[in-house]
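Enquirer: I am attaching a structure below and will ask some questions about it afterwards.
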Amino acid sequence: MGERLFLTYCSQCHGSTAAGGRSFPNLTDDDWLGAGTPDYIKTTILNGRQALMPSMAAAIGGGESVDDVAHYVLSLSDSVHDAEAAARGEAKFAVCAACHGANGEGLAAVGAPNLTDDVWLYGGSLDSVKHAIDNGLDNHMPGFGDLLGEGKAHVLAAWVWGLSNVPAEGAGQPSAPAVDRPMIAD
Amino acid sequence: MNASHETIVPEQDLLLELRRKVYPRSVSGVFARWRWTMVWLTQLVFYGLPWLSWPPLAGSWGEGGRQAVLFDLGARKFYLLGIVLYPQDFVYLTLLLLIAALSLFLFTTVAGRVWCGYACPQTVYTEIFLWIERRIEGERGRRMALDAEPWSAKKVRMKAAKQAAWIAVALWTGITFVGYFTPIRTLMHELATFTLTPWELFWIGFYAFATWGNAGFLREQVCKYMCPYARFQGVMFDRDTWVVTYDPGRGEPRGRSVKRGAALPPSAPLGDCIDCGLCVQVCPTDIDIRDGQQYECIGCAACIDACDKVMDKVGRPRGLIRYDTLRGLEMAAPTPAGRSGAGATVATASVASRWRTLLRARVLVYSAVLLAICGASTLGIATRSPVKLDVVRDRGALLREVKNGVIENVYRLQVTNGVERARRFVIGADGLPGLGIDSAPEFEVAGTERRSVGVRLRAPPDAGEAGSNRIRISVRALDDPDAVATSGATFFLPDTRGSR
């Protein structure tokens, strides 16, 4: 039932396999911008969420500095980057560390993503990172509390949480009956 | 202004024809035998089919057995013996209707209203109800007398018995009809335990009421006024169609002075018709066939049987009323010399024309088209794929970039497993270089069930053009490589201009 709710209400943005897309989070991985607990998920479903990153260009120093910081950010996750530019950008990362943490590992309390992993909600290319630094980000998820009510949101939250918390044994068996297991073949 | 005190319009001035109850006299003969054979055949099929199980002689249902002919509307599966049809197979119903229509045209253009007179449910059920009426109330004369009598205990008893029998037959007909949609054994169980569902109850009652009303009371009113087939069948007649017809050349002028067994002198003024009126008495639509072709005639040939018997009794040849073509009737018209030997001439002259009717263009064309459509339907059903596939791609998120710049598109496959046992399937995809399946490619679907399966396809970003690329997704049964369904789909690759 959770799956049917998901397919009806959530799949338009998050995709029918819940793996998301650009600016729509992947719900099947362990990477959460917040607590990632079932309550967190349920609150998000009911009330929606806003992801706000201010434009950091002015604070960093604009132009070339943005480029340097972008290379440094990419270096945190061992993505392809320019080592020299990254070295320059490391010093200017201080203003970013306020939200993203000193080592760029993110801060769940303010919803700042972990920059050291491979999950790039807004694109992991150099241009995408520079764009985020230059212009900031303002992402919205609408709240479904009025539409669903508490009960359905509860079932839905449980199902979504189950996507990334499949029990170890028998995980990902596509032929298992879909009653208590996500039907999405994984 | 009419100064008469009459406020009731005389019947002959009415614009409608007042209904008089028809009391058909019973009849026996060649065509009556044909009609009763058709009654038995059609009703054996109608009442018997729901009781067949599949596989044949299967034990109690639920152990791999089910009703052989069942239209499970709720589950949208239509079982015809070993075949299971789904809503996607609707085209076969269309073909079936086409076959039915063409068959009707063919039979009608060859032999007139044989459907109406022999096989139509209205005729069949009217025959059954009339038989009951005859058994309880008696032959024509007694029925008419009974209706004219004032009400008495005897009349109440007889009418009540007749109605009870009619209602029983009607109810059984209604139950059988619903038994094509709900398994009839389930219906029996529900009847015995008073647990019929509201819709079952409604349809049993509706169909029983319709049977009781149409066959018990409306009878020929349906044929005369309600039925559209009655009206347009006449359009399919031509001069070479076999119709039930009276031979006025032989029968007129009619009169009653023909002696039994006496040979008719050539100069005698009277025709073979002795005006006994039996052809009118046996007619279920209350017409006189001697008036010529009429649209009310349903071609039941009761008048033929009745007249033949009378002709036997008065020593004249049969066939005064007979099946003949209009052209044949003209050819059998007596020569000015007289009427003797007319019987033999009728036989030989018309036989040739009768058989020629089978070879005319209209009949050949109908037959050819009918044969073609029958062949196409059979071929279609025999070769249809036991797997059905519909691909529904994600619409909100057209594509997604995953690790290393690989592009992923997500689809949901609606797979219907057409056979009656569970089957494992494997997904295949092609159409772009480097196209691969990232989700689990194998899955199982229960028998006759439909399942929605998520599929993630991945391709390098330079595998094709920016925007949509046509690909093909296939689903193949693991135990039978020939059981495969393919559907076209589109794979979106990012537009690399101005990417962020």
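The values are calculated or read from the model by the stated rules, or taken from the named source; none is laboratory data. Keep in mind that what you see is a predicted model, and the values were worked out from it rather than measured. Positions of Cβ are generated from backbone atoms using ideal geometry, with glycine treated the same way; all protein chains shown enter the neighbour counts.
Enquirer: Residue check, A:VAL80 against (1) exposed (fewer than 15 other Cβ atoms within 10 Å of the Cβ); (2) in contact with a helix residue (DSSP H, G or I) (Cβ under 9 Å, 6 or more places away or on another chain); (3) within 14 Å of another protein chain (Cβ to nearest Cβ); (4) outside any loop (DSSP other than H, G, I, E, B), all met but one. Which one?
Expert: All conditions are met except number (4).
Enquirer: So, B:GLU401, is that one within 12 Å of chain A (Cβ to nearest Cβ) and without any contact (Cβ under 8 Å) to a residue 60 or more places away in the chain or not?
Expert: Values: within 12 Å of chain A (Cβ to nearest Cβ): yes; without any contact (Cβ under 8 Å) to a residue 60 or more places away in the chain: no.
For B:GLU401, the condition - within 12 Å of chain A (Cβ to nearest Cβ) and without any contact (Cβ under 8 Å) to a residue 60 or more places away in the chain - is not met.
Residues checked against (1) surrounded by 15 or more Cβ atoms within 10 Å (Cβ to Cβ); (2) part of a helix (DSSP H, G or I); (3) at pLDDT 95 or above; (4) not β-branched (Val, Ile, Thr):
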| site | (1), (2), (3), (4) |
| --- | --- |
| B:VAL84 | yes, no, no, no |
| B:TYR92 | yes, yes, no, yes |
| B:ALA101 | no, yes, no, yes |
| B:PHE107 | yes, yes, no, yes |
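Enquirer: Also, I was wondering about something else. Would you say B:THR490 is more than 16 Å from B:ARG395 (Cα to Cα) and within 47 Å of the chain's Cα centre (by Cα)? If you could, list the steps in order and put the result at the bottom.
Expert: Numbers: more than 16 Å from B:ARG395 (Cα to Cα): no; within 47 Å of the chain's Cα centre (by Cα): yes.
Taking the combined requirement at face value, the residue does not satisfy it.
Enquirer: Hey, can you tell me all the residues within the range A:108-157 that are within 14 Å of chain B (Cβ to nearest Cβ) and at positive phi?
Expert: A:GLY123, A:GLY136
For (1) β-branched (Val, Ile, Thr); (2) surrounded by fewer than 17 Cβ atoms within 10 Å (Cβ to Cβ); (3) within 14 Å of another protein chain (Cβ to nearest Cβ), each residue gets a yes or a no:
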position	(1), (2), (3)
B:ALA352	no, yes, no
B:TYR366	no, no, no
B:CYS374	no, yes, no
B:ALA397	no, no, yes
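Enquirer: Return only the number of the condition from (1) modelled with pLDDT of 90 or more; (2) in contact with a helix residue (DSSP H, G or I) (Cβ under 7 Å, 6 or more places away or on another chain); (3) within 30 Å of B:ARG143 (Cβ to Cβ) that B:TRP51 does not satisfy.
Expert: Against the list (1) modelled with pLDDT of 90 or more; (2) in contact with a helix residue (DSSP H, G or I) (Cβ under 7 Å, 6 or more places away or on another chain); (3) within 30 Å of B:ARG143 (Cβ to Cβ), B:TRP51 comes up short only on (3).
Enquirer: Please enumerate the residues belonging to the range B:127-171 that are among the charged types (D, E, K, R), outside any helix (DSSP H, G or I) and surrounded by 11 or more Cβ atoms within 10 Å (Cβ to Cβ).
Expert: Filtering the range B:127-171 for residues among the charged types (D, E, K, R) gives B:127, B:133-135, B:137, B:139-140, B:142-143, B:147, B:149, B:154-155, B:157, B:159, B:162.
Adding the requirement that they be outside any helix (DSSP H, G or I) leaves B:139, B:149.
The one that is among the charged types (D, E, K, R), outside any helix (DSSP H, G or I) and surrounded by 11 or more Cβ atoms within 10 Å (Cβ to Cβ): B:GLU139.
Enquirer: Right, something else. Among (1) buried (at least 18 other Cβ atoms within 10 Å of the Cβ); (2) touching a Pro at 6+ places or on another chain (Cβ under 7 Å); (3) hydrophobic (A, V, I, L, M, F, W, C), where does B:VAL419 come up short?
Expert: Of the numbered conditions (1) buried (at least 18 other Cβ atoms within 10 Å of the Cβ); (2) touching a Pro at 6+ places or on another chain (Cβ under 7 Å); (3) hydrophobic (A, V, I, L, M, F, W, C), the odd one out for B:VAL419 is (1).
Enquirer: Pick from the range A:20-68 the residues that are assigned to a loop (DSSP other than H, G, I, E, B), surrounded by 18 or more Cβ atoms within 10 Å (Cβ to Cβ) and out of contact with any strand residue (DSSP E or B) (no Cβ under 8 Å at 6 or more places or on another chain): which of them is farthest from the other protein chains (Cβ to nearest Cβ)?
Expert: In the first step, residues of the range A:20-68 are kept if they are assigned to a loop (DSSP other than H, G, I, E, B); the result is A:20, A:22-23, A:25-37, A:48, A:54-56, A:61-63.
Filter again for surrounded by 18 or more Cβ atoms within 10 Å (Cβ to Cβ), leaving A:20, A:25-28, A:32-33, A:56.
Cutting the leftovers down to out of contact with any strand residue (DSSP E or B) (no Cβ under 8 Å at 6 or more places or on another chain) gives us A:25-28, A:32, A:56.
Details: A:PRO25: 11, A:ASN26: 8, A:LEU27: 12, A:THR28: 10, A:TRP32: 18, A:MET56: 16 Å.
Out of the qualifying residues, it is A:TRP32.
Enquirer: Looking at (1) among the hydroxyl-bearing types (Ser, Thr, Tyr); (2) farther than 30 Å from B:SER452 by Cβ; (3) within 14 Å of chain B (Cβ to nearest Cβ), which one does A:THR17 not meet, given that it meets all the others?
Expert: Of everything listed in (1) among the hydroxyl-bearing types (Ser, Thr, Tyr); (2) farther than 30 Å from B:SER452 by Cβ; (3) within 14 Å of chain B (Cβ to nearest Cβ), A:THR17 misses just condition (2).
Enquirer: Quick check on my filter: what residues within the range B:482-500 are polar (S, T, N, Q) and at pLDDT below 90? Lay out the reasoning, then the answer.
Expert: Going residue by residue through the range B:482-500, those that are polar (S, T, N, Q) are B:486-487, B:490, B:496, B:499.
Within the range B:482-500, B:THR496, B:SER499 meet the criteria.
Enquirer: Going through the range A:83-123 one residue at a time, which ones are among the hydrophobic types (A, V, I, L, M, F, W, C) and assigned to a loop (DSSP other than H, G, I, E, B)? If you could, list the steps in order and put the result at the bottom.
Expert: So in the range A:83-123, the residues among the hydrophobic types (A, V, I, L, M, F, W, C) come out as A:83, A:85-87, A:91, A:93-99, A:102, A:107-110, A:112, A:115, A:119-121.
A:PHE93, A:ALA102, A:LEU115, A:VAL119, A:TRP120, A:LEU121, listed by residue number.
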